[in-house]
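Before I ask anything, let me first share the structure, which is written out below as structure tokens.
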Amino acid sequence: MLPRMKDTDTRDIVILGGGPAGAAAAASAAARGLDVLLIDKARFPRDKLCGGLFTGRALTEYRHIFRRAPPEGLFEERRAISFHMGARPMGRMDDVPPMFLTMRRDLDAHLLGLAQEAGAELLTGQRVAAIDLAGECLTLEDGRTIRFRVLIGADGVTSAVARALFGRPFDPATIGFALEKEMPPVSDPETARTVRVDFGAADWGYGWSFPKRRSTTVGVGGLQARNPDMKARLHGYAALLDQGEAAGMKGHFLPFGDYRRRPGRGCVLLAGDAAGFVDPITGEGIAHALGSGRLAAEAAARALREGRPEGAAALYRAATRQIRLSLRIAALLRPIVFSDRMAPIFSRSFAGSRRVKGAYMRMLAGELDYPALLWLVARRLPVAAWRSWRMERVGSMGRSTGPRPPA
Ligand SMILES: Cc1cc2nc3c(=O)[nH]c(=O)nc-3n(C[C@H](O)[C@H](O)[C@H](O)COP(=O)(O)OP(=O)(O)OC[C@H]3O[C@@H](n4cnc5c(N)ncnc54)[C@H](O)[C@@H]3O)c2cc1C
């Protein structure tokens, strides 16, 4: 896409970042007749490190924003998933709500094309050199200055807009980190149609293997502070999968549970990873990026219509309440899934229950929300804890006094 600029240098909305959050914001704002400029330092199509799992809830957002079905060939549908804890299988499901695999290179270029079609102006291959929040303008690397009435920071986890607002884009103590490698496609038909998730592959995180037509995306991710050896973890995980060497791996921060309670200030809003809107259990970020991008555009449009652009952040904060509630509940559930004390109980309960696994998949599909999942897990936990305690007790009695119980 060739960068072009209008003569005027003041825009209703300037969006920094052309990932899913930026594209959703641009399309939604342009569809409301606003003068929108989206700036990205990259030229598209460009690669973005990501598993490329597009969930049902992301698809619902896509349809809502772009008012169409995705084009043929953008996604590969998968309906089978298997869960593991190290070498131990935790269950397989063959008819879960559909999951969609894609490459971000293709997805993001497609979304940006839709934003342009809706009327947004794109300026790609252009870095922002300075952001002046008080002066409501930003300066491009080539020296041009652009004024905005509302600025949407959709510039990812290392967001320059978040840094300008809050001094730093994320908290290094709570940030996540993920490593990935595109590996050869798998030939075994059963493996090729199955999305695989491994809870033991990282500490406070997990591993994934997403089999696609042209490659298998293999990755591990989790809290950075808990995984100083993430490279070794990916090597170990690739070996477990029998995928060979994980040489040439790439890494990226993931705001894994580090979201902004106030995702903006005045006429400046943060969407997607820039606001930390990533699920702290699954690491899924595309759905919330699309959703928060749309909500940022709606809040901006309303604030501009009311002649109070400085009120945009308050409107946006109210609009993102549901996203933040969902992330808060996921953060409450996270120790149950990942902590040393609870993880063994959780994994036994998860492995033994199709209902919990089914609920997890329905949550990813957008058919169930986190409050309902929390309720389901909370109800099962005392029984699971009691069973776990009994099994350990029987095991230890067996070890000290008599024959082992059958496995
Ligand atoms: C290894 C890994 C695997 C993941 N797997 C999945 C998955 O399978 N499914 C899922 O839902 N989520 C996944 N995620 C999370 C997901 O990638 C993000 O949540 C999602 O990309 C957020 O979208 P975004 O638009 O907010 O930001 P991004 O997609 O990061 O887009 C930000 C854009 O801003 C641009 N930009 C940045 N700084 C500037 C600047 N100064 N000037 C101009 N432009 C700038 C960048 O070039 C980029 O195009 C994964 C993340 C990682 C790290």
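The values are calculated or read from the model by the stated rules, or taken from the named source; none is laboratory data. Everything quoted here is computed from the prediction, not taken from an experiment. Here the Cβ is made from the backbone with ideal geometry for all residues, glycine too, and neighbour counts use every protein chain on show. Heavy atoms of the whole protein, side chains included, go into the accessibility calculation; ligands, DNA and RNA do not. Shrake-Rupley method; radii C 1.70, N 1.55, O 1.52, S 1.80 Å.
Can you name the condition, by its number, that K357 falls short on among (1) open to solvent by 10 Å² or more (accessible area, probe 1.4 Å); (2) in contact (Cβ under 8 Å) with a residue 12 or more places away in the chain; (3) charged (D, E, K, R); (4) under 29 Å from F253 (Cα atoms)?
(1)
Now a separate question. Among A301, A330, which is the only one that is more than 16 Å from the ligand (Cβ to nearest atom), touching a residue at least 40 places away in the same chain (Cβ under 8 Å), more than 24 Å from R104 (Cα to Cα) and in contact with a helix residue (DSSP H, G or I) (Cβ under 7 Å, 6 or more places away or on another chain)?
Values: A330 fails: more than 16 Å from the ligand (Cβ to nearest atom).
Only one candidate passes the filter, namely A301.
For the stretch 148-263, which helices (runs of 4 or more DSSP H) that fit wholly inside it have 2 or more residues that are free of Cβ contacts under 8 Å to residues at least 60 places away in the same chain, outside the structural domain of L111 (by TED's automatic domain parsing) and open to solvent by 10 Å² or more (accessible area, probe 1.4 Å)?
Of the helices (runs of 4 or more DSSP H) lying wholly inside the stretch 148-263, those with at least 2 residues that are free of Cβ contacts under 8 Å to residues at least 60 places away in the same chain, outside the structural domain of L111 (by TED's automatic domain parsing) and open to solvent by 10 Å² or more (accessible area, probe 1.4 Å) span 189-192, 230-240.
Tell me which strands (runs of 3 or more DSSP E) are completely within the stretch 64-118 and hold 1 or more residues being in contact (Cβ under 8 Å) with a residue 12 or more places away in the chain and of a type in the set (S, T, N, Q), or say none if there are none.
Passing ranges, in order: 80-85.
If I go through the stretch 312-327 residue by residue, how many of them are in contact (Cβ under 8 Å) with a residue 40 or more places away in the chain and under 11 Å from G264 (Cβ atoms)?
Residues in the stretch 312-327 being in contact (Cβ under 8 Å) with a residue 40 or more places away in the chain and under 11 Å from G264 (Cβ atoms): 5 in total.
Continuing with the same structure: Hey, does the stretch 82-98 have a residue that's open to solvent by 30 Å² or more (accessible area, probe 1.4 Å) and within 15 Å of the ligand (Cβ to nearest atom)?
There is at least one residue in the stretch 82-98 that is open to solvent by 30 Å² or more (accessible area, probe 1.4 Å) and within 15 Å of the ligand (Cβ to nearest atom).
Also, I was wondering about something else. Could you list, ordered by first residue, the pairs with Cβ atoms under 9 Å in which the first is in the stretch 277-291 and acidic (D, E) and the second is open to solvent by less than 10 Å² (accessible area, probe 1.4 Å) and more than 8 Å from the ligand (Cβ to nearest atom), at least 6 apart or interchain?
D279/F256; D279/L327; D279/A330; D279/Y370
Return yes or no: is L240 in contact with a helix residue (DSSP H, G or I) (Cβ under 6 Å, 6 or more places away or on another chain) and of a type in the set (A, V, I, L, M)? Quick ask: steps written out before the conclusion?
Values: in contact with a helix residue (DSSP H, G or I) (Cβ under 6 Å, 6 or more places away or on another chain): no; of a type in the set (A, V, I, L, M): yes.
It is false that L240 is in contact with a helix residue (DSSP H, G or I) (Cβ under 6 Å, 6 or more places away or on another chain) and of a type in the set (A, V, I, L, M).
Every residue in the stretch 13-61 that is open to solvent by less than 10 Å² (accessible area, probe 1.4 Å), assigned to a strand (DSSP E or B), touching a Phe, Trp or Tyr at 6+ places or on another chain (Cβ under 9 Å) and near the ligand (Cβ under 9 Å from one of its atoms), please.
F54
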